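Bear in mind that the values in this text are calculations on the coordinates, not laboratory data. Given the structure is predicted, the values throughout are model-derived calculations rather than measurements. No Cβ is skipped: glycine too gets one built from the backbone with ideal geometry, and neighbour counts run over all protein chains shown.
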Amino acid sequence: PITAHKVTPKTEQTFWSNLLGKGYPAPTRNFRWCTERMKIDPVSTFITEKVSQYDEVIVVLGSRSQESASRAQVIKKHKIDGSDLAVHTTLANAFIYTPIDTWHVDDVWKILRLCHLKQQETPYGPRNKWI
């Protein structure tokens, strides 16, 4: 079964704790201190816990090749030949599935608006009223 999980950083690694509490400058393209602390670390911890529980996992990501040339290159590089899965770049026994890899940004917004207009829950659970 596919289940969605909300993953959050530890309190001391949140945006405001780092910006106001530790005095970090606002993130920029060249200094993305927030990506590792707020996204990569919490997700990696969660995946590692699930791998230890189930031996292997498939992570469903909303990554798209059209986001950037480097994103397209990474997706292509790690794809398993003859499969819709990719090997996780740093975590053993974790595989990546990117079902919207070929979508254009307009496709993403279309489905988000459609779910909101029909008052339906999204495939991952909550409605999109907050968007």
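Remarks
- Distant-in-sequence amide H partners of LEU85 (H built 1.01 Å from N, under 5 Å): ILE80
- For segment 11-103, the calculated P(r), taken from all Cα-Cα distances in 10 Å bins from zero up to the bin holding the longest distance, is 15, 37, 32, 16, 1 percent.
- Close Lys pairs in the chain, defined as Cα atoms under 30 Å apart and 8 or more places apart or on different chains, number 29.
- Where only DSSP H runs of four or more residues are counted, the chain gives -9000 deg cm²/dmol as its mean residue ellipticity at 222 nm, each run worth -39500 (n - 2.57).
- Relative contact order computed over segment 11-103 (Cα-Cα under 8 Å; 6+ residues apart), in percent: 25
- Residue order, fewest to most surrounding Cβ atoms within 10 angstrom, among HIS5, HIS78: HIS5, HIS78
- Temperature 4 °C, viscosity 1.567 mPa s: under these conditions the Stokes-Einstein estimate for segment 49-113, based on its Kirkwood radius over C-alpha pairs, is 101 µm² per second.
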